[in-house]
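Worksheet: the structure to be examined is printed underneath.
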């Protein structure tokens, strides 16, 4: 009997859904990764976000054949799986469009409608009718053109914004009016109002948004990072904000997680911060199970070529998959 280990803080929902549908599988459901050790040695399939997975854990999982990561990004698996290229890895790619678009719009509106200022005024009972900016007619460039970017671009265009993209290779993407290569990034950001970062962290993208990029942007432009903190040179960002080289930043991710209490970003009036919640949603478990269920059926049938979202392990940190 195949043994499947599910580790998720919503483990009970996984149990309710999976057990009746796969009675031939022996499941273990855990809501805390601290409890995994006794189960690792017999686990054939692991379903989890896997931020907790360490190399020594994988070394003990001699029966592991498939890892279903429940999020899109898999760069955090590189170290743990670097010596286990034969393990099938699948991701949660394709379910994040709505929540990632909404968190990005939240950051855009927070900066343009000055949410921090409004919140402080409400707390102090101050009636301050300042003039807000609108998103209509603004120009957006998206760095990283995967499925999330396509969903995002459609919503931006519905709000009257124009959308360009920056990608590893120039190619046609639905909803994107013009695509620049990464080598053209300075040109791509020179006339935009928002730079939205969706690209995963890799050796090619680490600190790709640096002082040169900020220098190339308009002083009225804003940056929105909902991808990975390491893609942005945080020290250069802080300098750019202090020196008013750019107008503002909406940040859901940071170089260090959580953001250190002494970071100057906390107190900047032109920065809006959320605690890495962009990919989260009350519908998340339902949506990821729509990927897991067919993948698990194909796995049991050994129809591995029909499984979706298979990750090229050799590319987790060696190349950008967008």
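The values are calculated or read from the model by the stated rules, or taken from the named source; none is laboratory data. This one's a predicted model, so the numbers in the text were calculated from it and none came from an experiment. Here the Cβ positions follow ideal geometry from the backbone for every residue, glycine too, while neighbour counts run over all protein chains shown.
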* To do: Have a look at 210, 233 and point out the one that is at pLDDT 95 or above, closer than 24 Å to residue 116 by Cβ and either surrounded by fewer than 19 Cβ atoms within 10 Å (Cβ to Cβ) or assigned by TED's automatic domain parsing to the domain that holds residue 105 (or both).
  => 233
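For residue 58, indicate whether it is in a helix (DSSP H, G or I) and either in contact with a strand residue (DSSP E or B) (Cβ under 8 Å, 6 or more places away or on another chain) or surrounded by 19 or more Cβ atoms within 10 Å (Cβ to Cβ) (or both). Give the derivation first.
Values: in a helix (DSSP H, G or I): yes; either in contact with a strand residue (DSSP E or B) (Cβ under 8 Å, 6 or more places away or on another chain) or surrounded by 19 or more Cβ atoms within 10 Å (Cβ to Cβ) (or both): yes.
So residue 58 fits the description; yes.
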* Quick one: in the stretch 157-174, of everything that is under 20 Å from residue 227 (Cα atoms) and in contact with a helix residue (DSSP H, G or I) (Cβ under 8 Å, 6 or more places away or on another chain), which residue is surrounded by the most Cβ atoms within 10 Å (Cβ to Cβ)? => 166
* Counting only residues that are in contact with a helix residue (DSSP H, G or I) (Cβ under 9 Å, 6 or more places away or on another chain) and surrounded by fewer than 13 Cβ atoms within 10 Å (Cβ to Cβ), which one in the stretch 244-259 is modelled with the highest pLDDT? -> 256
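I'd like to check which strands (runs of 3 or more DSSP E) are fully inside the stretch 140-240 and have at least 1 residues that are within 22 Å of the chain's Cα centre (by Cα) and over 30 Å from residue 264 (Cα atoms). First the steps, then the outcome.
Working: elements: 162-167, 178-181, 194-197, 222-225.
So the answer is 162-167, 178-181.
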* Exactly one of (1) more than 22 Å from residue 193 (Cβ to Cβ); (2) at pLDDT 95 or above; (3) in a helix (DSSP H, G or I) is unmet by residue 128. Its number? -> (3)
* For the stretch 114-131, does any single residue satisfy the condition of being in the same structural domain as residue 159 (by TED's automatic domain parsing), farther than 30 Å from residue 40 by Cα, surrounded by 19 or more Cβ atoms within 10 Å (Cβ to Cβ) and without any contact (Cβ under 8 Å) to a residue 24 or more places away in the chain? -> yes
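Rundown of residues vs (1) assigned by TED's automatic domain parsing to the domain that holds residue 51; (2) touching a helix residue (DSSP H, G or I) at 6+ places or on another chain (Cβ under 6 Å); (3) part of a loop (DSSP other than H, G, I, E, B); (4) surrounded by fewer than 22 Cβ atoms within 10 Å (Cβ to Cβ), yes/no style:
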{"residue": "62", "(1), (2), (3), (4)": "yes, no, yes, yes"}
{"residue": "67", "(1), (2), (3), (4)": "yes, no, no, no"}
{"residue": "83", "(1), (2), (3), (4)": "yes, no, yes, yes"}
{"residue": "86", "(1), (2), (3), (4)": "yes, no, yes, yes"}
{"residue": "102", "(1), (2), (3), (4)": "no, no, no, yes"}
{"residue": "106", "(1), (2), (3), (4)": "no, no, no, yes"}
{"residue": "109", "(1), (2), (3), (4)": "no, no, no, yes"}
* Only residues that are over 17 Å from residue 307 (Cβ atoms) and in a loop (DSSP other than H, G, I, E, B): list them for the stretch 72-81, please. => 73
* **In the stretch 15-47, residue nearest to the chain's Cα centre (by Cα) [restricted to those that are part of a helix (DSSP H, G or I) and surrounded by 14 or more Cβ atoms within 10 Å (Cβ to Cβ)]** => 33
